[in-house]
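Colleague: Sharing a structure, written as structure tokens. Questions coming.
Please treat every number below as a calculation from the coordinates, not as lab data. Bear in mind the structure is a predicted one, so any value in this text is a computation, not a measurement. Every residue, glycine as well, gets a Cβ built from its backbone with ideal geometry; the counts of neighbours run over all protein chains shown.
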Amino acid sequence: MNISIALFASARELVGSISVDLEVSEQATVCDLKIALVEAYPELASLMSNSVFSVDHEYANDDMMLRDGVEVALIPPVSGG
Amino acid sequence: MIEITTQPLDTDRILQSVQSDRAGASVMFLGTTRQFTDGRETVELDYECYHEMAIKKMSQLRYISFEKWPIEHCTIVHRIGPVPVGESSVAIAVSTPHRASSFEAAEWLINTLKTEVPIWKRESFADGSQEWVHPDPKQVVKKNPKTDSEPIDLSEAPTIGP
């Protein structure tokens, strides 16, 4: 299935796009997505260790299974306020 | 009230939004762009957000603060876009019957907003350089041990509309 990942802040700058699309298996987890993302975009590697994913506007653990149509975002360390 | 705005913060309106005859105290916190940090001169902060999730997280924070303290009203407004030195990026206002709760709640809200809400700032320095601020999560996070001893999980919290 195709998963679109929204990018923000330095991730957006490193890739040069507001989102990227990745093809993953139907049983893919967030962890699988992380690995696929770094493989496709190695420039994100250093940012990934401190970043998390969100799925449908909630922070997601590595073992969360993805479904077709979920809204995924890469959340680098936040700095609001 | 929960808002994300591109406009300068209307602090009168924000303070007015928490007024209540049942509140003997109200506290408004403003986070402003500071000129000097560790010897470097900032000229501007530029904020970006994941809008829907930021609104959701701010709403969840607000909901939890009502559970932790006897809050009458709570307003959180975050500004996005460029915020020059001396201007405010975030306002948190609360009102409670007595002042101790207002101080504690406002402190907890800003401390938690800074770790939980998907908003990021890019710092522009006087020397022309720019960098995104991505704090190391392993660094010790500012917490008040009186009010902040338990780990926070907002995901189960409902959201209350503005």
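Colleague: On C-alpha positions alone, give me the angle between the axis of helix B:51-68 and the longest principal axis of chain B, in degrees, nearest 10.
Modeller: The angle comes out at about 40 degrees.
Colleague: A follow-up question, please. Anything over 22 Å Cα to Cα? Flag those among B:Lys56/B:Lys114; B:Lys57/B:Lys121; B:Lys57/B:Lys143; B:Lys68/B:Lys121; B:Lys56/B:Lys138, in the order listed.
Modeller: B:Lys68/B:Lys121; B:Lys56/B:Lys138
Colleague: Here's something else I'd like to know. Against the longest principal axis of chain B, how steep is helix B:99-116, in degrees 0 to 90 to the nearest 10, with axes from Cα atoms?
Modeller: The answer is roughly 50 degrees.
Colleague: Shape verdict for region B:11-63, please, from the Cα gyration tensor: rounded (a/c under 1.5), prolate (a/b greater than b/c) or oblate.
Modeller: Taking the square roots of the gyration eigenvalues as a ≥ b ≥ c, region B:11-63 is oblate.
Colleague: Whole-Hz ³J(HN,Hα) for each residue in region A:67-74, computed from phi via Karplus 6.51 cos²θ - 1.76 cosθ + 1.60 with θ = phi - 60°, x for glycine and proline: what do you get?
Modeller: Coupling constants for region A:67-74: 10, 4, x, 5, 9, 10, 9, 8 Hz.
Colleague: While we're here: List the GluC sites (Glu not before Pro) within region B:65-117 that DSSP assigns to loop and that have no more than 13 neighbouring Cβ atoms inside 10 Å.
Modeller: Values: sites: B:Glu67, B:Glu72, B:Glu87, B:Glu104, B:Glu107, B:Glu116; in loops: B:Glu72, B:Glu87.
Answer by residue number: there is no such site.
Colleague: Add -39500 (n - 2.57) for each DSSP H run of 4 or more in the protein assembly as shown, then divide by its residues: what number comes out at 222 nm, to the nearest 500 deg cm²/dmol?
Modeller: -8000 deg cm²/dmol
Colleague: What is the helix-to-structure angle for A:30-40, meaning the angle in degrees between its Cα long axis and the longest Cα principal axis of chain A, kept from 0 to 90 and rounded to the nearest 10?
Modeller: Long axis of A:30-40 versus the principal axis of chain A: about 60 degrees.
Colleague: For region A:24-39 and region B:33-53, compute the distance between their C-alpha centroids and round to whole Å.
Modeller: Result: 32 Å between the Cα centres.
Colleague: Note down the Stokes-Einstein diffusion coefficient of region B:1-127 in µm²/s, whole number, using a Kirkwood radius over alpha carbon pairs, 25 °C, and 0.890 mPa s.
Modeller: Approximately 164 µm²/s, per Stokes-Einstein.
Colleague: How large is log10 I(q)/I(0) at q = 0.14, 0.17 Å⁻¹ when the Debye formula is applied to the Cα atoms of the protein assembly as shown, each weighted equally and without solvent?
Modeller: -0.96, -1.29
Colleague: Over chain A, what is the mean sequence separation of C-alpha contacts under 8 Å (at least six apart), divided by residue count, expressed as relative contact order in percent? It would help to have the intermediate numbers written out before the result.
Modeller: Numbers: 132 pairs, mean separation 30.1, N = 81.
37 percent.
Colleague: Principal axis lengths of chain A from Cα atoms, whole Å, largest first?
Modeller: Computed over the Cα atoms, the extents are 35, 26, 20 Å.
Colleague: Note down the net charge around B:Glu41, summing +1 for each Lys or Arg and -1 for each Asp or Glu among other residues with Cβ under 13 Å from its Cβ.
Modeller: Cβ neighbours under 13 Å give a net charge of -2.
Colleague: Can you tell me, using C-alpha contacts under 8 Å and at least 6 residues apart, the relative contact order of chain B as a whole percent?
Modeller: 33 percent
Colleague: Let me ask something additional. Kindly state, to the nearest 0.05, the FRET efficiency for A:Ser4 paired with B:Lys138, given R0 = 30 Å and r defined as their beta-carbon distance.
Modeller: 0.50
Colleague: Would you mind putting B:33-40, A:72-79 in packing order, based on average other-beta-carbon counts within 10 Å, highest first?
Modeller: A:72-79, B:33-40
Colleague: If you take every residue apart from B:Asp127 with its C-beta less than 9 Å away from the C-beta of B:Asp127, what net charge results, scoring Lys and Arg +1 and Asp and Glu -1?
Modeller: Numbers: positive: B:Arg40; negative: B:Glu41.
Local net charge: 0.
Colleague: To continue, here is another question. Assigning unit charges at the beta carbon (Lys, Arg +1; Asp, Glu -1) and nothing else, what dipole magnitude in debye, to the nearest 20, does the protein assembly as shown show about its Cα centre?
Modeller: The calculated dipole for the protein assembly as shown is roughly 920 debye.
Colleague: Let me ask you something else. Which net charge results for the neighbourhood of A:Ala45, defined as the other residues with beta-carbon distances under 12 angstrom from its beta-carbon, given Lys and Arg at +1 and Asp and Glu at -1? Present the calculation step by step, with values, prior to reporting the outcome.
Modeller: Details: positive: A:Lys34; negative: A:Glu39, A:Glu43.
The answer is -1.
Colleague: Report, in debye and to the nearest 20, how large the dipole of region B:21-162 comes out about its Cα centre when Lys and Arg carry +1 and Asp and Glu carry -1 on their Cβ.
Modeller: Using Cβ point charges on Lys, Arg, Asp and Glu, region B:21-162 gives about 320 debye.
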